[in-house]
Structures are given as C-alpha cells and as structure tokens.
Amino acid sequence: MSGPVLGLVVVAGKIDLQRCSLYAHWAPILDAHHVIPESWWRAAGLPVASPMLNLCPTCHMTVHAGIDGLLHGYDISELTARARALAQRAITDGTAAGLTPAPTL
C-alpha cells in the first residue's frame, strides 16, 4: 500500500503510534473529533463551534455509545469513566450552545 491513510502516521516506512486524548494511551490511528457532535450543529443550521480531541477509534465510538445511552436513559456505568464524562460534557455543552442533542450512532 502506498500513500497516506486517514489517521495513520508513517515515518520512514514505520507506523508511528500516537497518543489518544481520552486516556493518553498509544494507538496506531487517531482522528480529530468534535467534543459536541458536528451533526447537532448541522441540524441547527449553525457553524460548528466545538473544541476538538484526537481520539482512537475505540475511545471515539465509546463516547458515542455514552451519548446515545444517556439520551435513551440507559445505564452507561460499564463504559470508561472518561468516556462517560465526555459524553455528559457533549450533552451539557451542546444544550448550553442552544443545540438539541440527538442520537449519534
């Protein structure tokens, strides 16, 4: 395979690990994601105005599961503490920004 792969850093032909923002663990793939989901901004017809975090795919999807779980009233206690906190922050900050939180998955 040649050329860049989204979220993958290759230095001198070697995959370089990157630090995930949620738990500061090392992962081969990271992507920048909005703290307040982009879809909520788009649904409100507003420009996206949310801080960004570099998350690995597992942490990213765990936060989305937390957001959706909270919105549906599910028990999310099995999710990691920081994922639960970030999910709650997304809802709290989104609501404070005048957005309507909606499922993300």
Which whole-percent values make up P(r) of the chain when all C-alpha to C-alpha distances are grouped in 5 Å steps starting at zero?
2, 12, 21, 20, 17, 12, 8, 5, 2, 0
In whole Hz, the Karplus estimates of ³J(HN,Hα) for region 92-105 (6.51, -1.76, 1.60; θ = phi - 60°; x where Gly or Pro) are 4, 5, x, 5, 5, 7, x, 8, 9, x, 9, x, 10, 9
Mind checking the full-extension length gain between I15 and L71? Use 0.36 nm per residue of separation minus the Cα-Cα distance, one decimal, nm.
16.4 nm
How much length, in nm to one decimal, is gained on full extension between E38 and A97, taken as 0.36 nm per residue of separation minus their Cα-Cα distance?
20.0 nm
Non-local amide H neighbours of V9 (under 5 Å, H modeled in plane, Pro and chain starts lacking H): which ones?
D16
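Using only helices, what value at 222 nm comes out for the chain when you add -39,500 (n - 2.57) per DSSP H run of length 4 or more and divide by the total residues, to the nearest 500 deg cm²/dmol?
Taken over the chain, the calculation gives -11500 deg cm²/dmol.
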Karplus (6.51, -1.76, 1.60) ³J(HN,Hα), θ = phi - 60°, over region 76-91, in Hz, Gly and Pro reported as x:
10, 5, 7, 6, 5, 4, 5, 5, 4, 5, 5, 4, 5, 4, 4, 5
Residue by residue, what Karplus-based ³J(HN,Hα) values in Hz, rounded to whole numbers, does region 9-26 have, using 6.51, -1.76 and 1.60 with θ = phi - 60° and x for Gly and Pro?
10, 10, 10, 6, x, 10, 5, 9, 6, 10, 8, 6, 5, 6, 10, 6, 8, 9
Calculated FRET efficiency for the pair A85/L46, C-beta based, R₀ 25 Å, to 0.05
0.55
Any cysteine of the chain lacking a neighbouring Cys Cβ under 4.7 Å - listed by number
C59
Excluding T104 itself, what net charge comes from residues whose Cβ is under 11 Å from its Cβ, given Lys and Arg +1 and Asp and Glu -1?
-2
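FYI, it's all coordinate maths here, none of it is from the lab. Please read all numbers here as calculations on a predicted model, not as lab measurements. All Cβ positions, even for glycine, are placed from backbone atoms using ideal geometry, and neighbour counts span all protein chains on display.
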